[in-house]
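Everything on this sheet refers to the single structure shown next.
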Amino acid sequence: LACTACHTSITGYPHPELTAETHKEFSFEATESCQKCHEDQYEAVKDSIHQQGYLEGNDLAPACTDCHNPHTQTRLVDEEGNTLTEARVNIPVTCSKCHVEIFDEYMNSVHGSSLLAEGNNDTPTCIDCHNVHNVQATDNAFRLRSPQICADCHSDKELMDKYGLSSEVNNTYIADFHGTTATIFEKTAPDQVTNTPVCIDCHG
């Protein structure tokens, strides 16, 4: 890409004066350039907690360039669309620019220590649970949905066998009173606050 593919308002020298009053405002104006090549991602962001924060006036809400530096961005996926190990390892580091306390918790968890210390590509990183561009909040609906998120990996027999773990934990949870209740609430009243324990209440 040439510079002017993204900086579309610059057609000569001297450059026109910037209309944005802050760096953040400039960043969000620049997302329109990202849309030209990354339409799917641009649309997904509209359903994210990040976009919601921006629309509510939160100056800390990230724009595309807060996560993807347009001048230094390296390849994230291979030719088959699989996220590269070095990219997966860097995801929590990127998120930590805003979510420091959560990053510290993640680093000390069985998931975080396996990914960051060992580069284990089987380990979930932030986007595996919270999505990539349509980032979901950890609200009550997310909490009730969390057993299914955990089940994406923990019901995979081949994956669990590699680590000597049971792939039946989700089935036994759903068969239990707690899991049955969580499932019913998720399907009928996902936004309702409940005291039904889900995976993250016991496992962090």
Residue count, region 64-80 (criterion: of a type outside the set (A, V, I, L, M) and either over 25 Å from His7 (Cβ atoms) or open to solvent by less than 50 Å² (accessible area, probe 1.4 Å) (or both)):
6
When the residues of region 1-15 are narrowed to those that are outside any helix (DSSP H, G or I) and surrounded by 10 or more Cβ atoms within 10 Å (Cβ to Cβ), which ends up farthest from the chain's Cα centre (by Cα)?
His15
Return yes when Ser109 is hydroxyl-bearing (Ser, Thr, Tyr) and farther than 25 Å from Asp40 by Cα and no when it is not.
yes
Just a yes or no: is a residue in region 75-92 of a type in the set (Val, Ile, Thr) and under 21 Å from Thr8 (Cα atoms)?
no
Given (1) at pLDDT below 90; (2) assigned to a loop (DSSP other than H, G, I, E, B); (3) open to solvent by less than 80 Å² (accessible area, probe 1.4 Å), index of the condition Thr138 fails
(3)
In the list Ile127, Ile102, which residue meets the criterion of being more than 12 Å from the chain's Cα centre (by Cα), of a type in the set (Val, Ile, Thr), part of a helix (DSSP H, G or I) and modelled with pLDDT of 90 or more?
Ile102
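Residue by residue, here is whether (1) at pLDDT below 90; (2) in a helix (DSSP H, G or I); (3) exposed (fewer than 14 other Cβ atoms within 10 Å of the Cβ) holds:
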| position | (1), (2), (3) |
| --- | --- |
| Cys153 | no, yes, no |
| Glu158 | no, yes, yes |
| Ser167 | no, no, no |
| Thr172 | no, yes, yes |
| Thr180 | yes, yes, yes |
| Ile184 | yes, yes, yes |
| Lys187 | yes, yes, yes |
| Asp191 | yes, no, yes |
| Asn195 | yes, no, yes |
Unique residue being surrounded by 11 or more Cβ atoms within 10 Å (Cβ to Cβ) and outside any helix (DSSP H, G or I) when the list is Ala61, Ala30
Ala61
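The values are calculated or read from the model by the stated rules, or taken from the named source; none is laboratory data. The shown structure was predicted, so the numbers you read here are calculated from the model rather than taken from an experiment. Neighbour counts are summed over all protein chains in view; Cβ atoms, including those assigned to glycine, are modelled from backbone coordinates with ideal geometry. Side chains are part of the model used for accessible areas, which takes the heavy atoms of the whole protein and leaves out ligands, DNA and RNA. Shrake-Rupley method; radii C 1.70, N 1.55, O 1.52, S 1.80 Å.
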